[in-house]
1. Listed residues ALA526, ALA519, ALA449, ALA495; which is small (Gly, Ala, Ser), under 21 Å from the mean Cα position of the chain (by Cα) and surrounded by fewer than 19 Cβ atoms within 10 Å (Cβ to Cβ)?
2. Identify the residue in region 49-74 that is open to solvent by less than 60 Å² (accessible area, probe 1.4 Å) and hydroxyl-bearing (Ser, Thr, Tyr) and, among all such residues, is farthest from MET297 (Cα to Cα).
3. ASN308 versus (1) surrounded by 24 or more Cβ atoms within 10 Å (Cβ to Cβ); (2) over 30 Å from TYR399 (Cβ atoms): which is the lone unmet condition?
4. What number of residues within region 1-30 are farther than 19 Å from SER80 by Cβ, open to solvent by 10 Å² or more (accessible area, probe 1.4 Å), part of a loop (DSSP other than H, G, I, E, B) and touching a helix residue (DSSP H, G or I) at 6+ places or on another chain (Cβ under 7 Å)?
5. Any residue in region 506-514 that is crowded, with 24+ Cβ neighbours inside 10 Å and assigned to a loop (DSSP other than H, G, I, E, B)?
6. Would you confirm whether or not region 382-401 contains a residue that is among the charged types (D, E, K, R) and outside any strand (DSSP E or B)?
7. Working only within region 366-381, note down all residues that are assigned to a loop (DSSP other than H, G, I, E, B) and either open to solvent by 50 Å² or more (accessible area, probe 1.4 Å) or under 13 Å from MET351 (Cα atoms) (or both).
8. Identify, please: which residue in region 530-547 is among the charged types (D, E, K, R) and either buried (at least 19 other Cβ atoms within 10 Å of the Cβ) or in a helix (DSSP H, G or I) (or both) and is, among those, farthest from the chain's Cα centre (by Cα)?
Amino acid sequence: MNDQKLDNLLNLAMDSTPLEREKSGNLNIGFDERLKLWDVIVKYSGPESGLNGDRIQVVPLLGGYAVVTLPESEITEFSSRTQVEFIEKPKRMYFEDFQANQASCISSVQGSGAVPGIGTGGLTGRGILMGVVDSGVDFYHPDFRTENGTTRILKLWDQSILGNPPGGYVMGTEYTEEEINEALILSEQEGRRLVPSVDFSRHGTSVLGIAAGNGRASGGVNRGVAYESDLLVVKLGTPREDSFPRTTELIQGIDYLVRQSLELGRPMVINLSFGNNYGSHRGDSLLETYIDTVANMGRLVICAGTGNNGNDNLHTSGQVLDQEIQEIELGVSPYEPVLNLQLWKAYADEMEIYLEHPSGTRIGPLYEELGPQRHRMGSTELLIYYGKPGPFQITQEIYFDFLPRGNYVDSGVWKIILRGRNIREGEYYMWLPGGGVLNPSTGFFLPEAQGTLTIPSTASRVITVGAYDSRLNTYADFSGRGSVRLVYRKPDLAAPGVNITAPVPGGGYAFVTGTSFAAPFVSGAAALLMEWGIVRGNDPFLYGADIIGLS
C-alpha cells in the first residue's frame with residue numbers, strides 16, 4: 001500500500017506477507033492474528049459517529065484522537081473517510097529502569113517548621129492528584145495507605161483484568177477507593193480476590209512510591225516527594241506473550257487520567273516512565289501530538305523520563321554533502337533473531353543508499369519508489385520501505401527490516417552507505433530498537449549519545465527528565481540525551497536516578513536505577529509547586545508551561 005493517511009509501518013505491514021510479518025519484531029504489533037483485527041491510533045475531525053461501522057470499535061479520546069479496533073480488510077475504506085486525518089500503528093513500550101530527596105532539596109520544603117517563601121507547614125502535595133500510568137501498584141503496601149489503614153488511591157484502572165472498564169473505554173476493570181478499602185479490611189488472600197490487580201514487575205510500585213509514597217513502612221524514612229497527594233493509577237496492558245504494553249494502551253491511560261482531573265476539578269501531575277525508540281524523535285507521532293494537546297487541558301503537568309539509551313550503541317547521526325560518500329558500520333552479534341533500522345532524513349535531500357552484507361556483497365543504490373522493496377543477502381531477507389510525506393511529519397523515513405531465513409540474522413559487520421546526490425540539508429539520523437530487545441553487542445560502531453531521548457519524552461509539552469547520580473553529583477551515563485540538531489532543547493532537567501530506595505510489592509523497599517525513577521522525583525516536585533501555587537493561593541496559574549519554565 002501507499003496510503004499517505006497511514007504511517008509507514010502500517011503501510012508496510014499491509015504489503016507484507018504473513019511470514020514476513022511473523023518474522024519481523026515490529027510489523028505485527030497491534031494485530032490480532034486470530035481475529036484479523038488491528039488496534040490503531042486515529043487523528044480525526046468532525047463527529048465521532050463518522051468513525052463507526054460494522055466490526056469497528058471506537059474509543060474516542062480527548063482532542064480529536066481515538067483508539068480504533070477494526071478488521072484488516074476495512075483499513076483502506078476506513079482511511080478514505082474524510083474525517084480521518086491520519087492512522088498510526090501502535091508501538092511497543094518499554095520500562096526506563098535500569099539519599100535522593102535531600103539531594104533534590106525536597107526535604108527542606110517538606111519540613112514542618114517555617115520554610116522561607118512557603119511559610120509554616122511544609123509542602124506535602126495535599127490537594128494535588130498524582131496520576132501514574134505504569135505496571136500497576138501493590139495497593140497493600142503501607143506507603144499507599146493512611147494512618148488508619150485506608151487507601152490513598154482514589155481509582156485504579158487495571159487494563160489487563162477483563163470485567164468492568166471505566167465509562168467510555170472497553171478494556172480492563174476500574175476499582176474505586178471504596179472497593180479497594182473493602183479489600184483492605186479482609187485478609188490479603190481474600191482481599192486480592194476482590195481486587196486482583198497485581199504489579200508483577202514492581203516497576204509501577206517503585207515509581208509511585210518515589211513520587212508520592214508516605215514512607216509508613218519505614219517510619220517515614222523512605223518517604224516520597226508529594227506524600228499527601230491523592231493517587232490515581234493506571235496499570236497498562238492486556239495479557240499477551242511479550243507482556244509489554246503498546247502506545248494504544250498508554251494513550252488511553254493518559255486520556256483516563258486527564259478526564260479524572262477535569263471531572264474532579266483538581267490539579268494533576270501525570271508520570272510516564274515508559275518509552276520506545278520508533279519515530280523521528282521530533283515530537284510528530286500521534287502519541288506525542290496527543291500529549292501536547294491534552295497538556296493544555298485543565299491544570300496539568302506531565303513528566304516523562306528520557307530513557308536509558310545514553311550509553312548504548314543504538315543511535316547514530318551525521319551530515320552528508322553533495323557527492324560525498326559516508327559509510328555507517330553496524331555490528332550484528334551472533335544469534336540475533338530480529339533487527340530493524342530506521343533512517344530519517346529531510347524529504348528534500350536526494351541520497352543514494354547502499355547496503356553491504358558482512359560477506360562484502362552489496363545492494364543499491366536504493367531509490368525512492370512505491371511499495372516495499374525486497375532483497376536477499378546471504379541468509380537474511382531485507383524488507384525496505386520509503387516513507388512518504390505525512391500531515392504531521394516533516395522528515396522522511398527509510399525503514400529496514402532484517403528478516404532471517406532461518407533463526408537468526410546474518411552476524412558480522414553490515415554497512416549502510418550514503419552518497420549525496422542533491423543535498424539541501426544533508427542531516428540523517430538512525431535508530432535501532434531499544435528496550436533491551438537486541439543483544440548487547442549489536443549496534444553502531446560509532447554511536448552518538450546525543451539524540452538518545454526515547455518517545456514520548458520528545459513531546460514538547462512534557463517535562464523531560466534525565467538522571468544523575470546524587471552520591472557522586474555526576475550525570476548518569478545511561479540517561480538519554482537531547483541534541484542541538486533536534487527541534488527542542490531537551491531534557492529539561494535531571495533528577496536522582498541511581499540507587500534510589502523505593503517501595504516494592506510485599507511491603508518493603510529496594511534500590512532502583514534508571515530515568516524511570518528520576519521522572520517521579522520531578523512529578524512529586526511539580527505537585528509541591530502546584531500545592532504552593534494553586535492550593536495555597538500563591539499562584540493560581542502555576543501549572544503547565546509555567547512549571548516547565550521553572551524547570
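The values are calculated or read from the model by the stated rules, or taken from the named source; none is laboratory data. Keep in mind it's a predicted model, so treat the numbers as computed, not measured. Cβ coordinates were reconstructed from backbone atoms using ideal geometry, including for glycine residues, and neighbour counts include every protein chain displayed. Heavy atoms of the whole protein, side chains included, go into the accessibility calculation; ligands, DNA and RNA do not. Shrake-Rupley method; radii C 1.70, N 1.55, O 1.52, S 1.80 Å.
1. ALA449
2. THR69
3. The number of the failed condition is (2).
4. Counting residues in region 1-30 that are farther than 19 Å from SER80 by Cβ, open to solvent by 10 Å² or more (accessible area, probe 1.4 Å), part of a loop (DSSP other than H, G, I, E, B) and touching a helix residue (DSSP H, G or I) at 6+ places or on another chain (Cβ under 7 Å) gives 2.
5. yes
6. Within region 382-401, one or more residues are among the charged types (D, E, K, R) and outside any strand (DSSP E or B).
7. Correct list: TYR367, GLU368, GLU369, LEU370, SER379.
8. Across region 530-547, the extreme among qualifying residues is GLU531.
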